[in-house]
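One structure is given below, encoded as structure tokens.
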Amino acid sequence: MRRTEKNIAAPRFTPREKEILNCISKGLKNKEIAEELFIDVKTVEAHKSNLIRKLSLKNTSSLIIYSIIHIANLIAIVIALLPQDIF
């Protein structure tokens, strides 16, 4: 079966999962993420596991790479939307 845009669904993240991704892209460790978000380290680990599953990734290293690319793409979109005369 051929993959088309119609049958490729982007994963939906909870607001907390988005916060976790943001923290990962900053290079924070689980304990640091837990302290920043006022949650338990086990909760951070659960969110990371959910993200890995939702994204069909294999491990935490892949999640780190995804988070960095995701943030970079968002920055590129914002820059593209800025008026060109400000540069």
FRET efficiency, residue 16 to residue 76 (Cβ-Cβ, R0 25 Å, nearest 0.05): 0.50
Axial C-alpha extent at least 24 Å, average Kyte-Doolittle at least 1.0 - helices from the chain (DSSP): 60-81
With at most 15 neighbouring Cβ atoms within 10 Å, loop trypsin sites (Lys or Arg not before Pro) (DSSP) excluded, longest segment of the chain: 59-87
Neighbourhood net charge (9 Å Cβ-Cβ; Lys/Arg +1, Asp/Glu -1) for residue 37: -2
Prolate/oblate/rounded call for the chain, Cα gyration tensor, a/c under 1.5 rounded: oblate
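Every number here is computed from the coordinates shown, using simple stated rules; none is lab data. Values in this document were obtained by computation on a predicted structure and should not be read as measured data. Every residue, glycine among them, receives a Cβ derived from its backbone with ideal geometry; neighbour counts consider all protein chains shown.
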